[in-house]
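The values are calculated or read from the model by the stated rules, or taken from the named source; none is laboratory data. As the structure is a computational prediction, the values presented were derived from the model and not from experiment. Heads up, the Cβs are rebuilt from the backbone with ideal geometry, glycines too, and the neighbour counts pull from every protein chain shown. Only protein heavy atoms, including side chains, enter the accessible area calculation; ligands, DNA and RNA are left aside. Shrake-Rupley method; radii C 1.70, N 1.55, O 1.52, S 1.80 Å.
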Amino acid sequence: MKRFLFLAVVICLFCSGTEAQKIKTMIVTGQDGSHWWQGGSEAVKMILENSELFTVDILATPQRGESMESYRPDFSKYDLVVINYGGATWVEQTRKDFEQFVSNGGGVVVIHSSIIPMDDWEEYNNMVGLGAWNGRNEKDGPYVYWKNDRFVYDYSPGAAGYHGLQHPFTVVHRNTEHPILKGLPTVWEHFKDELYARLRGPARNIDILATAYEVVGNASEGRDEPVLWTVKYGKGKVFVNVLGHAGNDPELRYSMECTGFQVTLLRGAEWAARGTVTQQIPKDFPSKGVSTLRKDFKAPFNAY
Ligand code: ZN
């Protein structure tokens, strides 16, 4: 009996040790009237936790229209904050807490529509690098896109933010040596999604990792628009993944089912929190002209 108890204690110590090594993650979410943020955040939690690298808490803000005063998450308890949020701007103290968290080396992942809110918060714009809608225009910084083998910073006037109907599109890696992308197929097909275009923002300390081509309205020519990028903010690292629309129905999470979305999210999240990526290259990653799905939000048994 004593031996059994000893064994049980040893096993528990081992378990807690493993748990302690995982990346402690908080998903900030709520209020987004254009997206099924509850389902999207549940999907992100499953993607992260199924990798065995992360533990995830979901912390929703007050409801739309309610006071934001009470929203004071303790960011300092976490290694990583994932923002899947489209609502009211945060109060001053919450902003300061978050700025301090990131400045001190906290990791941040920003998903899809989370580049839209809080346009009135200068440091949030600096953290996301590029934003869209909510009155953003030339006052907020240049358009940034890829043309003739380099990135263009275009200061011409105009509104920020556009998306057409959802469609599949090709993602092209532009920084193939970055730890988030290194070793992955450099051109791959993303499953049906909203492709954000005409982003603009301060674009400081930004490293655009991948683009996708989009034509805006009736224009004859499109642009290679940023879809994955990183931003350095103080000692902190931010990874932005503008893929991952989640519509208002459980059947409308297909953009997040894309293996490309999930793997870049996982690798970007580890990099933002730890500065390195230890994950192997999965065999089910999409490739040129071929999209693949992970409908259960986890890697299939034969992925590694
Ligand atoms: Zn969307």
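The mean accessible area for residues of segment 105-242, using a 1.4 Å probe and ignoring ligands and nucleic acids, is 39 Å² per residue.
When the pairs Lys139/Lys288; Lys77/Lys283; Lys77/Lys298; Lys24/Lys288 are compared against a 29 Å limit on Cα-Cα distance, Lys139/Lys288; Lys77/Lys283; Lys24/Lys288 fall above it. Restriction of the chymotrypsin sites (Phe, Trp or Tyr not before Pro) in segment 124-165 to DSSP coil positions whose beta-carbon has at most 16 other beta-carbons within 10 angstrom yields Tyr155. For the chain, taking Cα atoms only, Rg and Dmax work out to 19.5, 78 Å respectively. Computed from label points 7 Å out along Cα-Cβ, the spacing between Leu252 and Thr276 is 4.2 nm. Accessible area of segment 189-304 with a 1.4 Å probe: how many percent of it is carbon plus sulfur? Of all accessible area on segment 189-304, carbon and sulfur atoms account for 47 percent.
Of the GluC sites (Glu not before Pro) found in segment 163-233, those in coil by DSSP whose Cβ has at most 15 other Cβ atoms within 10 Å are Glu177, Glu221.
Each of Glu123 and Tyr304 was given a label point 7 Å from its Cα along the Cα-to-Cβ line. The distance between the two points is 3.6 nm. Adding -39500 (n - 2.57) for every DSSP H run of four residues or longer, then dividing by how many residues the chain holds, sets the calculated 222 nm ellipticity at -7500 deg cm²/dmol.
Oblate is the label for segment 203-304, because the ratio a/c of its alpha-carbon gyration tensor axes (a ≥ b ≥ c) is 1.5 or higher and a/b is not greater than b/c.
If a paramagnetic tag sat 7 Å from the Cα of Lys192 along the Cα-Cβ line, which residues of segment 138-178 would have the backbone N under 13 Å from that point? Within reach of a label on Lys192: 165-169. Report the calculated FRET efficiency for Glu49 and Ser103 (r = Cβ-Cβ distance, R0 = 25 Å), to the nearest 0.05. About 0.35, to the nearest 0.05.
With the contact rule set at Cα under 8 Å and sequence spacing of 6 or more, what percent relative contact order holds for segment 121-200? Could you put the intermediate results ahead of the total?
Working: 119 pairs, mean separation 28.1, N = 80.
Answer for segment 121-200 is 35 percent.
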